[in-house]
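The values are calculated or read from the model by the stated rules, or taken from the named source; none is laboratory data. Remember, predicted model here, so these are calculated numbers, not experimental data. Neighbour counts run over all protein chains shown; Cβ positions are idealised from the backbone, glycine included.
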């Protein structure tokens, strides 16, 4: 998609004159649709452009090749002073080296000239969890909340002679001037090198859609972050730990942000996991009265009420999603889901009774201590939910569908499961076969399974180090796809997919997150005993270290 075609489909684009301004290329190394549905990417674009001395423009990957012309002014990426990669997904790491090489920039940091080449920075939640796989391609990482970084970053950019200064001196000054900066070429390898920046103060506006697009993964939708972080403590979720403590944004900031929805008639609320039910209901009621349709990524099955579901139906929303994650009660206790089958079934009944026709169920396979019986329970629970939905649908004369979406569990850094092994391929294939046999031909159920090769690649990148990153980068530069790379790298893959020793120093521990290692280890031990842990209580609890 060319810059000209993009602009025709967008509202809220920020265009500036270049004269006398520091130029920043913000690169989302994945598709345009994902980029425009990504609040981190949009927040960086918004906050940098708030300063009159900065011009920030966007670049994307269209699935086949990169567009090296910006969406705003059609300028080539090499005309920019700074390049910032915004990376939310580990698989996007694979696109960093090709982008640089095809743009005319040596991919490896060590091969780039000390002068006369753009400064290459990177940020986003993937980097905050484990930056190591792309450490050799990036000059510096900006880790943590961008709200806590951008003012000092802007000051640094406009007060330094970026283009004629030696890079090593610039990076040293950058690390000294900003919180959350990790410079792989300067910092010596070790544990806890940098602590991600953290926004403690309240925000006047919350992260939201700045540019509304009909080509977004959520077309013509104004996305709005109502909380950041989650204190529910699911043991598989890296974002839930690295964003601790969870923060609820003020109603004033939320309402002020909603004062300009860029013409969108649908509002998608992000961050429901830890938001107060009363705040959500009041917000939704107000939006519906203004004529907005509502959208949600998934709903908390343990917090659904008929009143809330009626709000969804009033906004002409007939599809919902809930995430049991595991089929059996035992496995949900292991992953600390804090969700019973009774609550899941009750949620399905409420949704069906009020008039929701379609339901998405999110599960994982390959979880720690999973057995074949647990996978069979996914199918049994899905059929039970289907029967409930159909019973209500028959009375209305219109049956909906149940989409059972099953992803392969990937052990993530900075979670209690960071030490466990990735599921063996033969086990994964057997359990996928169980699901196909039990659900593949069931009427009104559509089974969706992820790619095995994609899951293995994600696991490698999630647990990888600099050495692996360089190897994977070299394969990608040769044009190899995931399936071929997984085959080529099989001789060393086991080193990254195997169980980790508890005393082992891990590649991602160059970061010093607020949640402490001892807490993660204690949670891993509780998982082995199938013991749950209660949600965060910010007033009284100091166990994980995030509130210390």
Every residue in segment 475-511 that is surrounded by fewer than 13 Cβ atoms within 10 Å (Cβ to Cβ) and farther than 19 Å from residue 452 by Cβ, please.
478, 479, 499, 501, 502, 503, 504, 505
Based on this model, can you work out whether residue 359 counts as buried (at least 19 other Cβ atoms within 10 Å of the Cβ) and more than 24 Å from the chain's Cα centre (by Cα)?
no
Just checking, which of 188, 204 is outside any strand (DSSP E or B), within 22 Å of residue 245 (Cβ to Cβ) and either out of contact with any helix residue (DSSP H, G or I) (no Cβ under 7 Å at 6 or more places or on another chain) or modelled with pLDDT under 95 (or both)?
204
Among the listed residues 326, 352, 320, which satisfies the condition of being modelled with pLDDT under 95 and within 22 Å of the chain's Cα centre (by Cα)?
320
Residue ID - nearest to residue 98 (Cα to Cα), chosen from residues in segment 170-180 that are touching a residue at least 24 places away in the same chain (Cβ under 8 Å) and surrounded by fewer than 19 Cβ atoms within 10 Å (Cβ to Cβ)
175
Answer residue from segment 285-317, given it is assigned to a helix (DSSP H, G or I) and under 24 Å from the mean Cα position of the chain (by Cα) and is surrounded by the most Cβ atoms within 10 Å (Cβ to Cβ) among those
301
Out of 266, 167, which single residue is closer than 26 Å to residue 135 by Cβ and either surrounded by 20 or more Cβ atoms within 10 Å (Cβ to Cβ) or touching a residue at least 40 places away in the same chain (Cβ under 8 Å) (or both)?
167
Of the conditions (1) out of contact with any helix residue (DSSP H, G or I) (no Cβ under 6 Å at 6 or more places or on another chain); (2) not in a helix (DSSP H, G or I), residue 413 fails just one. Which one is it?
(1)
Could you please give the count of residues in segment 42-57 that are closer than 22 Å to residue 126 by Cβ and in contact (Cβ under 8 Å) with a residue 60 or more places away in the chain?
7
So which residues in segment 139-159 are closer than 20 Å to residue 98 by Cβ and surrounded by 24 or more Cβ atoms within 10 Å (Cβ to Cβ), if there are any at all?
141
Being assigned to a loop (DSSP other than H, G, I, E, B) and closer than 30 Å to residue 456 by Cα is the filter here, so list the residues in segment 341-370 that pass it.
366, 367, 368, 369, 370
Hits in segment 136-177 - residues which are part of a loop (DSSP other than H, G, I, E, B), at pLDDT 95 or above and either under 30 Å from residue 206 (Cα atoms) or over 27 Å from the mean Cα position of the chain (by Cα) (or both)
138, 139, 143, 145, 149
Quickly run through segment 96-135 and pick out the residues that are part of a helix (DSSP H, G or I), over 21 Å from residue 509 (Cα atoms) and in contact with a strand residue (DSSP E or B) (Cβ under 8 Å, 6 or more places away or on another chain).
96, 98, 99, 100, 102, 103, 109
